[in-house]
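Just below is one structure, and these are the notes that go with it.
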Amino acid sequence: MPRSALPALLTLLVLGLGWEAACRFIPIREFVLPAPSAIWAQTYSVWPNVMHHTLATLGTVALGFAASVAISLPLAMLIAASPAISAAIYPLLVVTQAIPKVALAPILVVALGANELPRVIVTFLVAFFPLVVGTVAGLLATPAELIELGRACRASKWQELTRIRLPFAIPFVFGGLKVAAALAVVGAVVAEFVGADAGLGYLIQTSMAFFKTPLAFGAVLILALMGIVLFQLVTLAERLLFPWSSGADQAPPGI
């Protein structure tokens, strides 16, 4: 375990112990604020069911995140390559973010049916915007002298984009990926609140309907852990694939 993680773990431990002590010594009803021990006991007692819902949410998150990556990166390259395309597309992207996803999700369920597709679309809509914005910012942040050098060497637009701009955008791309990974979890839960028969969002709703607050808290903690793990996986991929990418102002080797 890296030493940098110790302060965060110690803080969580202190908060957890304080939470447990408060619930034991202050008369707080369990359905209002359960103790960590009660959350663990109730979640563990139905662990197979919890795992089923966790895998359902994880599948939605993975599909939505993959769709956001597959669509956002080419779209960002188009926006950065052409001011005309940027002027045409960017306002539409802002409109998609201005629409509350909670309001859009029921419409998608009615239009597409109560299946996985509406949930994946909502997850994609929540996750893709920061990735597009971050990638475009990175592509346009390439030093002007390198662009001029590429044009002096008669580099084509495609070569300029892929061999000069894109390597410099890697830190921005992974910054957007980290945000998108965390937001994909949020999008999946929002979609499950509206229409689902499985998933942690569905588990939270059904648990609260029967006042099983500890189980709902357990599902929330699993969602938090899922977001942290996805964030760290993106960070690990960046370190393994692009070890030089530690800041936006650093150039990749060979440039």
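Points to keep in mind about this one:
- Answer residue from the stretch 159-200, given it is touching a Phe, Trp or Tyr at 6+ places or on another chain (Cβ under 6 Å) and of a type in the set (D, E, K, R) and is modelled with the highest pLDDT among those: Lys178
- Pairs linking a residue in the stretch 109-122 that is part of a helix (DSSP H, G or I) to a residue that is buried (at least 16 other Cβ atoms within 10 Å of the Cβ) and of a type in the set (Val, Ile, Thr), with Cβ atoms under 7 Å and 6 or more positions apart or on different chains, are Val109/Val194; Glu116/Thr60; Pro118/Val109; Arg119/Thr60; Val120/Thr60; Val122/Val190.
- Filter result for Leu203 (more than 16 Å from Ile39 (Cβ to Cβ) and modelled with pLDDT of 90 or more): no
- Evaluating Ala88 against the criteria (1) free of Cβ contacts under 8 Å to residues at least 24 places away in the same chain; (2) under 25 Å from the mean Cα position of the chain (by Cα); (3) more than 24 Å from Phe193 (Cα to Cα) leaves one unmet condition, (2).
- Of residues in the stretch 189-231 being free of Cβ contacts under 8 Å to residues at least 60 places away in the same chain and under 20 Å from the mean Cα position of the chain (by Cα), the one nearest to Val122 (Cα to Cα): Gly227
- Residue that is farthest from Val185 (Cα to Cα) [pool: residues in the stretch 26-54 that are of a type in the set (Val, Ile, Thr) and surrounded by fewer than 15 Cβ atoms within 10 Å (Cβ to Cβ)]: Ile26
- Enumeration of residues in the stretch 107-163 that are over 25 Å from Ala62 (Cα atoms), among the β-branched types (Val, Ile, Thr) and within 30 Å of the chain's Cα centre (by Cα): Thr142, Thr162
- The helices (runs of 4 or more DSSP H) found wholly in the stretch 1-86 include none carrying at least 2 residues that are charged (D, E, K, R) and at pLDDT 90 or above.
The values are calculated or read from the model by the stated rules, or taken from the named source; none is laboratory data. Quick caveat: nothing in here was measured; it's all calculated off a predicted structure. Note that each Cβ is placed from the backbone with ideal geometry, even for glycine, and that neighbours are counted across all protein chains shown.
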